[in-house]
Amino acid sequence: QVYLVESGGGLVQSGGALRLSCKASGMNFRLAHMNWYRQVPGKERDFVARIASNGTTSYAGFVKGRFTIARDNTRNTAHLQMNLLEPEDTAVYYCNTKWKDRDFWGRGTTVTVSS
């Protein structure tokens, strides 16, 4: 069974920064593509960033160069560094991966950005 555990959320002022982490277990992390999504209550879950097993990254347009996704294969952990946070970034952030044709999600970590 694959488990994903997010951490690092919190309350930050507009313009501030947070670093989210996603600790994975139950799979060969080095071979997995890792994703971050976010969701505001009442809205759909939106893609934020992705890092492939080979380190290739991609981002949603709203990131605008403010976020950086990275992975530490020695610790089975994916990170999302978020800078220049805006109130519109307030959401629950989820880690996601697909392993053996199944989607796995963490329980999320809440990010609140005050204006």
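The values are calculated or read from the model by the stated rules, or taken from the named source; none is laboratory data. Quantities reported herein were computed from a predicted structural model and do not represent experimental measurements. Backbone-built Cβ (ideal geometry, glycine too); neighbour counts: all protein chains shown. Heavy atoms of the whole protein, side chains included, go into the accessibility calculation; ligands, DNA and RNA do not. Shrake-Rupley method; radii C 1.70, N 1.55, O 1.52, S 1.80 Å.
Residue-wise HN-Hα couplings along region 101-108, as the Karplus relation 6.51 cos²θ - 1.76 cosθ + 1.60 with θ = phi - 60° gives them from phi, are 6, 10, 8, 10, 10, x, 8, x Hz; Gly and Pro carry x. Given the options Thr74, Thr56, Thr97, state which has the largest fluctuation in a GNM of the chain using a 10 Å cut-off (strictly under) for Cα springs. Largest GNM mean-square fluctuation: Thr74. Full extension of the segment from Thr68 to Asn28, taken as 0.36 nm per residue of separation minus the current Cα-Cα distance, would add 12.1 nm. Note on the chain: GNM, Cα springs under 10 Å; of Asp103, Asp89, Asp46, the largest mean-square fluctuation is that of Asp103. Exposed loop sites, defined as trypsin sites (Lys or Arg not before Pro) outside DSSP H, G, I, E and B with at most 14 other Cβ atoms within 10 Å, are absent from the longest region of the chain, namely 1-42. Computed in the context of the full set of protein chains, the accessible area of the chain at 1.4 Å probe radius has 47% of its extent on carbon or sulfur. As a length-normalised measure over Cα pairs under 8 Å and 6 or more apart, the relative contact order of the chain settles at 37 percent. Accessible surface calculations at 1.4 Å, restricted to protein heavy atoms, place the chain at 55 Å² per residue. Please label the shape of region 70-115 as rounded, prolate or oblate, based on the square roots a ≥ b ≥ c of the eigenvalues of the alpha-carbon gyration tensor (a/c under 1.5 means rounded; beyond that, a/b larger than b/c means prolate, else oblate). Verdict is oblate for region 70-115.
Cα convex hull, the chain: 95 Å³ per residue, rounded to a whole number.
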